[in-house]
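To keep things clear, I will list the structure first and then write my remarks on it.
The values are calculated or read from the model by the stated rules, or taken from the named source; none is laboratory data. The structure displayed is predicted, hence computed values, not measured ones. All Cβ positions, even for glycine, are placed from backbone atoms using ideal geometry, and neighbour counts span all protein chains on display.
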Amino acid sequence: MRMVIKIMKILKEINLKTIAIFFLIVGIIGWIVFPMFSFSWLELPISEPQGIDINSSGYIFCGSGFYERVQMYNDHGKFIRGFSTDIGKGRGSLFTFRVENNQLHIHIFNTLIRKEGSVDREIVYSLDGNLIEIKDIPSQNYVGYDVNNQKTDTSGRQYIFKGFLFPRVIKIEGGTHTVLVSTPIYLWFFQCPFPAFAFFFISLFVIVFLKYKASRSYANKWSPIKDDYFYNKHNGKMAKCFFLLVLFGILGAIVLGLLLTIGLSLSRELVLWGFVSFSVAGFLLILLAVFSVVFQAIILRKRYPVLWKKGEDRKISLIDRRDAQAELRKLNDPYLRKLSKQGLWGGVFLLLVWGVVFLMVAVGALIFEIPFFIKIMDYFK
């Protein structure tokens, strides 16, 4: 009874924000940490089934499309080790594999077309996890093998690898269906794309929503007049903007994730070129924003010294400082309008330039095969 009371006290102290932070961390681990540190001894969820094979000793090999690896299990379904498909050049988002002569052969597709043809990669492991060979083969000279999620062993037992929410290997023998390999329940929570994606974005949404509510409560508590500028414009408006920004950020992250998935299946180099070029454009946008803010501060300080000094003077009351800052924000100064307009159009122009350059290089390299653009792409191989 005492134990139950203690548990109830602990649960009472745990608020919604704590739970949201916990599941946010779970989503980050499953989405970001696991793919970065996929050690051979570490079992990962077998999400997105991408092929199955069985050797003569009964060992089962399952391909995990999202985590870009092949995992090895014994004939009782116990995890043995994992094999990476992302070594050096090449990307494991499109791969097939087979087991031959106690060796694991992983075929990685590279779909970037050049004049000399596309290049595939084959990685060969021993079943002990040792890397034996990495070789690049022109796609037109390579006899590949298809992804097959069904396999029959020499004894006639059938193995089926399937499932989205709960990926598993089912063994069919004599009409009996047995789940031989499945993701452990403690790893299921980290499984990507689902439910780790859902945990991440829903938790982030809940945290931002609670932050928004807390900011409104804070403004209501500390504002001397409920309808003053600080409550309606400063705290409440900023909280709403932050809330909408995060909401659009979540939607943008989902769209970006889909585009990255499609892009990686088409060309790894194209995705890297887009990321690097957009990072440069983003850096220039940040510089533009910093210069805009600095010039606005210089103009305000030079043209409205009394209001500026009053808004920054710590010796006067907080309400007077807020009023001065509110007046500064309400100013209809032509120089400030011009500076703001130029900053906005400068940002739009930078994004347009990035989009044109990105498309020009991508189309020139992938479609028209212009040597100069192909060289640019080759830097990202």
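Quick notes on this one:
- For the range 345-381, a residue qualifies if it is modelled with pLDDT under 80 and surrounded by fewer than 16 Cβ atoms within 10 Å (Cβ to Cβ), and the qualifying residues are VAL363, ILE367, PHE368, GLU369, ILE370, PRO371, PHE372, LYS375, ASP378, TYR379, LYS381.
- Residue-level analysis places PHE230 outside the set of residues that are touching a Ser or Thr at 6+ places or on another chain (Cβ under 9 Å), exposed (fewer than 12 other Cβ atoms within 10 Å of the Cβ), modelled with pLDDT under 85 and farther than 22 Å from VAL99 by Cβ.
- Residues of the range 291-322 that are over 20 Å from PRO334 (Cα atoms) and either touching a helix residue (DSSP H, G or I) at 6+ places or on another chain (Cβ under 6 Å) or modelled with pLDDT of 80 or more (or both): LYS309, LYS310, GLY311, ARG321, ARG322.
So that you can scan it fast, the table gives a plain yes or no per residue for (1) in a loop (DSSP other than H, G, I, E, B); (2) small (Gly, Ala, Ser); (3) modelled with pLDDT of 80 or more:
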residue: PHE23; (1), (2), (3): no, no, yes
residue: LEU44; (1), (2), (3): yes, no, yes
residue: GLN71; (1), (2), (3): no, no, yes
residue: PHE83; (1), (2), (3): no, no, yes
residue: ASP86; (1), (2), (3): yes, no, no
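- Single residue of the range 156-205 satisfying the filter (of a type in the set (S, T, N, Q) and out of contact with any Gly (no Cβ under 8 Å at 6 or more places or on another chain)) that is surrounded by the most Cβ atoms within 10 Å (Cβ to Cβ): THR183
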